[in-house]
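Inspection log for the structure reproduced underneath, given as structure tokens.
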Amino acid sequence: MIARVFVPLVGANGESAQVFEAIAGDVAPEAHPARLLPQISELFDFGLYGIGQTVREAVARFVDARRAKLWLGRRNGRVNSWNLRISDLQIGRLSDENARSAGLGLALAAICQAFGRDPGVVFATGEIKLPGGPGAPAVAVGPVDGLRGKLMLVGDYIVQHRKTLAGAKMTVVLPSTTPDGRSLAAAESSTIQRLKTEATDAGAALDFVFADTLDGVEAALGPFAMHEIVTPARAIGAVAATVLGMGSIHLGTDGGGSIRIPSSFTGCYGIKPTRGRVPSWPTSPLNKTCARGTGSGPTSRAGPRNSA
């Protein structure tokens with residue numbers, strides 16, 4: 001899979017208007033001579049490596065927040081690998097201002113790739129801001145200049161591609177405020193309404209997302225749910241098989257009671273041996289992915305004397 005997000009660029013003076021694609025894929029680039037971080041090394045030649053470092057940290061925080069919700073711990077889940085690059089630019093390198101405004105689009109491309117989401121046609125502009133102290137949001141989305149010109153680029157895209165947009169889902173992700181603190185939705189209401197009308201005429205659905213934080217985009221582009229390696233259903237499967245008489249003894253995994261608790265409710269015998277005493281791999285990925293204290297053990301309907 002390859003995730004793509006369109007990033008509109010307009011200088012503060014209204015010049016240098018263009019759109020590029022932030023592209024995230026799972027193929028790692030060739031090693032950079034300067035030994036740059038592979039995930040963002042291809043951004044270096046466009047003046048985006050510094051922003052790429054911020055984006056990389058932001059995406060790591062975004063993923064880690066979802067790891068904290070996993071059953072059995074942070075290591076019981078996986079996301080797709082991602083590496084960022086961009087499409088060709090009409091200019092060689094971006095100004096600092098335009099580089100900052102590209103942060104949101106780069107982050108969204110990486111997140112969609114990491115979680116395997118295809119959100120449709122997405123435009124995004126906004127600055128990514130890492131937390132500056134206690135109580136700050138995990139990752140904030142900051143305002144940027146030139147928003148009206150950037151919205152006009154979205155309109156240009158609709159006009160140029162209207163023959164292929166029938167039935168398409170389009171999303172424009174923006175900061176919630178302008179640089180002077182006003183509500184962006186209110187400040188650009190007439191432009192936004194005009195874009196919605198143009199999209200409707202082209203047969204496309206156009207939604208606007210005004211985000212204060214990176215988490216604020218999930219309702220529109222998500223869900224960004226991590227794939228659990230071991231689920232509760234898989235964990236109690238050994239006990240269920242025992243109860244159903246599918247064998248005299250079965251191997252299960254136990255970190256917080258996945259063998260012992262179901263066994264106690266169903267009249268089975270279950271043991272959680274010392275971790276590593278019973279080999280887990282390759283029958284279960286737990287010994288490579290879950291927290292210390294998880295191990296594999298047997299469950300059986302027969303008593304201890306008759307158990308293998």
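Of note:
- Any hit, segment 152-165, residues being assigned by TED's automatic domain parsing to the domain that holds Ser81, surrounded by 14 or more Cβ atoms within 10 Å (Cβ to Cβ), in contact with a Leu (Cβ under 9 Å, 6 or more places away or on another chain) and within 29 Å of Arg61 (Cβ to Cβ): yes
- Selected residue (criterion: farthest from Val141 (Cα to Cα)) from residues of segment 199-219 that are over 23 Å from the mean Cα position of the chain (by Cα) and crowded, with 17+ Cβ neighbours inside 10 Å: Ala202
- For segment 226-247, the criterion of being more than 30 Å from Gly267 (Cβ to Cβ) and modelled with pLDDT under 95 is met by at least one residue.
- Segment 187-216, residues that are under 20 Å from Leu153 (Cβ atoms) and touching a strand residue (DSSP E or B) at 6+ places or on another chain (Cβ under 7 Å): Ile192, Leu195, Lys196, Ala199, Ala204, Ala205, Leu206, Asp207, Phe208, Val209, Phe210, Ala211
- Those helices (runs of 4 or more DSSP H) lying entirely in segment 160-245 with at least 1 residues without any contact (Cβ under 8 Å) to a residue 24 or more places away in the chain, out of contact with any Ser or Thr (no Cβ under 8 Å at 6 or more places or on another chain) and more than 29 Å from Arg67 (Cα to Cα): 184-187, 189-201, 237-243
- For segment 166-179, the set of residues classified as touching a helix residue (DSSP H, G or I) at 6+ places or on another chain (Cβ under 8 Å) and either of a type in the set (S, T, N, Q) or surrounded by fewer than 18 Cβ atoms within 10 Å (Cβ to Cβ) (or both) consists of Thr171, Ser176, Thr177, Thr178, listed by residue number.
Here's the yes/no breakdown for (1) in contact with a Pro (Cβ under 9 Å, 6 or more places away or on another chain); (2) modelled with pLDDT of 60 or more:
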position	(1), (2)
Leu251	yes, yes
Pro279	no, yes
Leu286	no, no
Gly293	no, no
Ser296	yes, yes
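- Residue check, Val59 touching a strand residue (DSSP E or B) at 6+ places or on another chain (Cβ under 6 Å), crowded, with 18+ Cβ neighbours inside 10 Å and either under 26 Å from Pro131 (Cα atoms) or of a type in the set (Asp, Glu) (or both): no
The values are calculated or read from the model by the stated rules, or taken from the named source; none is laboratory data. Keep in mind the model is a prediction, meaning the values are calculated, not measured. Note: ideal-geometry Cβ built from the backbone for every residue, glycine included; neighbour counts use all protein chains shown.
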